[in-house]
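What follows is one structure encoded as structure tokens, with my remarks underneath.
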Amino acid sequence: MKKNDEPMTQEDYFKLYNTENPEIYAMFVAYTYQLISTGATRFSAYLIFERMRWETMVSGNDGYKLNNNYRPYYARQFMKDHPQYEGFFETRRTVAEGARWCKMTAWLHTPSSTCT
């Protein structure tokens, strides 16, 4: 939990969800390795998520709601846990990362510029 009653970030929610639902990450890893075994060198976390949605729906295990906001975190977690596949997923800066970067570089901004 955050200190000083700070609101939870999307990353905080992802970490909580991932801790409570480790089978989702295991499924993400399994499908990613299945793609890697075909010779794929880059792929989309979006498509893996859609397959996961299909599989959980078809198998009757539809109690899991896969939040699209978690896709980049699953992709990053995979590449962190499997560094030999760094770059398999293209990632962009998240909103939270952008805000941290903006705060760290505030001295570069003129009074009329804004960080978004």
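Can you report the number of residues in the stretch 1-15 which are in a loop (DSSP other than H, G, I, E, B) and basic (Lys, Arg)?
Counting residues in the stretch 1-15 that are in a loop (DSSP other than H, G, I, E, B) and basic (Lys, Arg) gives 1.
Looking at (1) surrounded by fewer than 16 Cβ atoms within 10 Å (Cβ to Cβ); (2) touching a strand residue (DSSP E or B) at 6+ places or on another chain (Cβ under 7 Å); (3) of a type in the set (A, V, I, L, M), which is the only condition residue 45 fails?
The one condition residue 45 does not meet is (1).
Values in this text are rule-based calculations from the coordinates and carry no lab data. Everything numeric here is computed off the predicted structure, so don't read it as measured data. Positions of Cβ are generated from backbone atoms using ideal geometry, with glycine treated the same way; all protein chains shown enter the neighbour counts.
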